[in-house]
Amino acid sequence: MSATNKVLLVTGGSRGIGAAICRQASEAGYRVAVNYVSNRAAADALVAELETGGGEAIAVKGDVGNEADVLAMFEVVDKTFGRLDAFVNNAGIVDAKARVDEMSGARVERMMRVNVVGSFLCAREAVKRMSTRHGGKGGAIVNLSSVAAIHGAAGEYVDYAASKGAIDTMTIGLAREVATEGVRVNAVSPGITDTEIHASGGQPDRVARMRDVLPMKRPGSADEVASAVLYLLSDAASYITGAILNVSGGR
Ligand code: NAP
């Protein structure tokens, strides 16, 4: 699979699943824009790694939940590469384990702002650049959902699960909206994947703890999720749009 010269922007591309997507995309020939929000060292290290491997990459700081940051991020990509062929809505957050009757309004609003509003704002900017309706040459979008959208994450983080339910619905609706405009929109729904997101939600032992309830008795790796994303971005998936692909080891 060669994507020579194509340009890909990955939100939250600096760590975890996003970083695996950036690595695989760079190997496939994409020029890669790596978005991050605060950990500049991780983003710079990844860009250096991709460049050492012969790829072309930039790091772009920006909070997807902040509209001005989203506009600025896409403008940096425009100025640097002059085109956008592929976009991955990967940035996402969890919060501390809590029941719904323990959640503050501020917590739920932050969850929805980053995971839902951020994904909408970024998808809007990607469509404006890719859609033939806007003079673009077409492209592909992949959104990171979660199987939590289906099982609900009771007692853990129903707010997060609901935010991913919104991503599933957005994927289907946007896919149909731009289906005749050269843009395909799909989602990948990971199950428990071994990244730092669990520690950031205050559960560093979550992957080890959940292992026995997973059908394959192991978590997924960021690379296994990234492979599905790269497939959906590629021409091999040319008749696939509005799909939600579980990469969850049967969970
Ligand atoms: P992660 O390891 O915590 O990495 C998160 C990435 O997103 C980092 O690059 C981080 O940047 C960035 N980020 C966080 N908030 C941001 C914001 N407001 N604006 C821009 N970037 C932001 O996460 P992950 O596990 O790879 O998860 C990636 C996606 O997969 C998320 O949407 C998540 O919900 C989904 N997912 C993950 C799992 C899992 O088990 N890991 C399961 C299902 C779905 P900094 O480095 O600057 O902090």
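Once region 153-178 is narrowed to residues that are over 19 Å from Glu125 (Cβ atoms) and assigned to a loop (DSSP other than H, G, I, E, B), the residue that is most open to solvent (accessible area, probe 1.4 Å) is Ala154.
Yes/no matrix, rows are residues, columns are (1) away from the ligand (no atom under 13 Å from the Cβ); (2) exposed (fewer than 15 other Cβ atoms within 10 Å of the Cβ):
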| site | (1), (2) |
| --- | --- |
| Ala25 | yes, no |
| Val34 | no, no |
| Arg40 | no, yes |
| Ala48 | yes, yes |
| Glu67 | no, yes |
| Arg83 | yes, no |
| Val88 | no, no |
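Of the candidates Gly138, Gly118, the single residue that is more than 16 Å from the ligand (Cβ to nearest atom) and not hydroxyl-bearing (Ser, Thr, Tyr) is Gly138.
Looking only at region 210-242, residues that are within 23 Å of Val7 (Cβ to Cβ), out of contact with any Leu (no Cβ under 6 Å at 6 or more places or on another chain) and of a type in the set (A, V, I, L, M) come to 10 in all. Of the residues contained in region 229-251, one or more are found to be within 9 Å of the ligand (Cβ to nearest atom), out of contact with any Phe, Trp or Tyr (no Cβ under 7 Å at 6 or more places or on another chain) and part of a loop (DSSP other than H, G, I, E, B).
Residues considered: Ala126, Ala98. Of these, the only one that is touching a residue at least 40 places away in the same chain (Cβ under 8 Å), open to solvent by less than 50 Å² (accessible area, probe 1.4 Å) and in a helix (DSSP H, G or I) is Ala126.
For region 54-65, the set of residues classified as crowded, with 20+ Cβ neighbours inside 10 Å and within 8 Å of the ligand (Cβ to nearest atom) consists of Gly62, Val64, Gly65, listed by residue number.
Only one residue in Ala91, Ala33 is aliphatic (A, V, I, L, M), touching a Gly at 6+ places or on another chain (Cβ under 7 Å) and outside any helix (DSSP H, G or I). Which one? Result of the check over Ala91, Ala33: Ala91.
The values are calculated or read from the model by the stated rules, or taken from the named source; none is laboratory data. This structure is a prediction, so every number in the text was calculated from the model and none was measured. Positions of Cβ are generated from backbone atoms using ideal geometry, with glycine treated the same way; all protein chains shown enter the neighbour counts. Only protein heavy atoms, including side chains, enter the accessible area calculation; ligands, DNA and RNA are left aside. Shrake-Rupley method; radii C 1.70, N 1.55, O 1.52, S 1.80 Å.
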